[in-house]
Each structure stands twice: as structure tokens, then as C-alpha cells.
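Worksheet for the structure shown next.
The values are calculated or read from the model by the stated rules, or taken from the named source; none is laboratory data. Only a predicted model underlies this, so the values are computations on that prediction, with no experimental measurement involved. Here the Cβ positions follow ideal geometry from the backbone for every residue, glycine too, while neighbour counts run over all protein chains shown.
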Amino acid sequence: MKTIAANWKMHLTLQDAVNLASSINSSSKNEIIIFPPSLYAILIKDIVHKKNIKVGVQNVFYEDSGAYTGEISPIMVKSSNLDYVLIGHSERRIHFFETDEIINKKIKKALSHNLNVILCVGEKLEDRENNRHFEVVKLQLLKALEGVYEFSKIKIAYEPVWAIGTGKNATPQQANEMHHFIKNIIPLHILYGGSVNEYNAKELLSQKYIDGLLIGGASLKSHSFNKIIELAELL
Ligand code: PGA
């Protein structure tokens, strides 16, 4: 089974989000997940649950409740019947200063409420240029998962920062090589993310160690996202 996930980030009006969700096709054999802006998540879940499409949130806090204006907790996500949380996306690390320690706390809290977690890791361009990409990703993984002993609800998304939203995807070989490296550290389901589109999805998905895709820009266009779902169906 492959996982095809849509990260809508901070895009779309409510009406556009409803229209997009309504037009996404289901899959008979793969797992499809949408990560809309959290404000829309319950409504989007209502629209797609009959198509067996799962819905998650792009971020969650590490406390159950309290005076944390603007945050949402894992209990809120769970009680809204949402299935997944993305944790540690590079945009959260860069724009909202999330450290590995914060990410570790979020993962533990989300797991304690039985949520499925997709942990995002990935090196920056300078790390790759200095041949430090394996070391950086390994450290991110070890720190994020420190003190975590139950892995059945965790997936990893490998998203090299230099490939996100740049139109410059990692080559299937680069991605596969990193996925292989990660699987040797921890044998989990690993998604690739970073400038995936309907033209490069098939080759990426055909790699031995690539178990799915996390798609930003191309997931905002129903024809592109549906095409990727269709390609995955035929593999
Ligand atoms: P992109 O984003 O597909 O637009 O590069 C991927 C992501 O950030 O999850």
C-alpha cells in the first residue's frame, strides 16, 4: 500500500477547499490523506470520509489544554475524529522556530492520544552541498524519536528543504538512497515530499524504498492530484 498525502498548507478559501475536496478521487488500494488548514478539517472530513479519504492537521501542540492562544491540542484533533497529524514540517521548523525538542514533545503527546503521526525530516541545501545530508537527517530522526518506543502509528516524510516548493525535486535515486538510509535506522513507512507533480510521481513511487508521497503545490490542483492517485493505482 502506498500513501498519497496532500499538504494544502495555508492556501484556499473555504469554498475553494470544499470544491477541491469534493473533486478528489478515491483509491481502491492506497491510502489517501488530506491535510487542509485546521479550520476546515472537520468539514473536509465530512466531505471525503465516504470516499475513504483520511484527513489530518498540519500541526498540533504538545499540551492537552491550557492558556496557549492560537494552538490546537491532540485531544481536540482526536475528538474531531481526524486521523493524522503532520509534525516537524520544515516550514514549522523555519518560520515558527520548532526545535527537535519541541517536535519530540509533540510526537509523544500525539501518540499518547493515539493519533497517527507523519514526522517530517529533511536537510537544507547547504547540508547536501557539504555532504552532511545523511548525518543531519539521522540526527533529526534520533532527536524527534528520543524516548518513543511504539512506532506502529508513525510514518516518516523525507522532504529535502531545497526541494520544497522550488520545482526542483530530489531525483528518484537521491530520494531512494535517503529512504534506504532511514529504513536502516528505523524501518517505517516513508513518504517523499518536495516538488512532486503528476510528471515525476510515477518514477518516484516506483523506487524500492519510497512508500508514498507528500504533495504540496500539486495537491491544490484536482487534476494533478487525481492523476497522481491514478498513477499510484496502476503500480
Ligand atoms: P511542494 O511541498 O510539493 O509544494 O514542494 C511539499 C511539502 O512541503 O509538503
**Prompt:** Just checking, which of LYS202, LYS227 is within 15 Å of the ligand (Cβ to nearest atom), more than 17 Å from TYR158 (Cβ to Cβ) and at pLDDT 95 or above?
**Reply:** LYS227
**Search result, residues across region 46-75 that are under 30 Å from SER26 (Cα atoms), of a type in the set (A, V, I, L, M) and out of contact with any Phe, Trp or Tyr (no Cβ under 9 Å at 6 or more places or on another chain)** = ILE47, VAL48, ILE53, VAL60, ILE75
**Item:** Residue in region 148-180 that is farthest from PHE134 (Cα to Cα), counting only those that are among the charged types (D, E, K, R) and more than 17 Å from the chain's Cα centre (by Cα)
**Value:** GLU150
**Prompt:** Taking region 127-182 as the search range and keeping residues that are hydrophobic (A, V, I, L, M, F, W, C) and outside any helix (DSSP H, G or I), which one is nearest to GLN207 (Cα to Cα)?
**Reply:** ALA170
**Message:** For region 106-122, give me each residue that is in a strand (DSSP E or B) and surrounded by 24 or more Cβ atoms within 10 Å (Cβ to Cβ).
**Reply:** VAL117, ILE118, LEU119, CYS120, VAL121
**Every residue from region 105-151 that is in contact with a strand residue (DSSP E or B) (Cβ under 9 Å, 6 or more places away or on another chain) and small (Gly, Ala, Ser)** = ALA110, GLY122, ALA144
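Any residue at all in region 164-177 that is in contact (Cβ under 8 Å) with a residue 60 or more places away in the chain and either within 11 Å of the ligand (Cβ to nearest atom) or closer than 20 Å to LYS106 by Cβ (or both)?
yes
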**Request:** Would you mention how many residues in region 60-79 are touching a strand residue (DSSP E or B) at 6+ places or on another chain (Cβ under 8 Å) and free of Cβ contacts under 8 Å to residues at least 40 places away in the same chain?
**Result:** 2
**Request:** Would you mention how many residues in region 11-62 are outside any loop (DSSP other than H, G, I, E, B), touching an Asp or Glu at 6+ places or on another chain (Cβ under 9 Å) and among the β-branched types (Val, Ile, Thr)?
**Result:** 2
**Prompt:** If you check SER65 against the conditions, is it modelled with pLDDT under 95, farther than 20 Å from GLY165 by Cβ and part of a loop (DSSP other than H, G, I, E, B)?
**Reply:** no
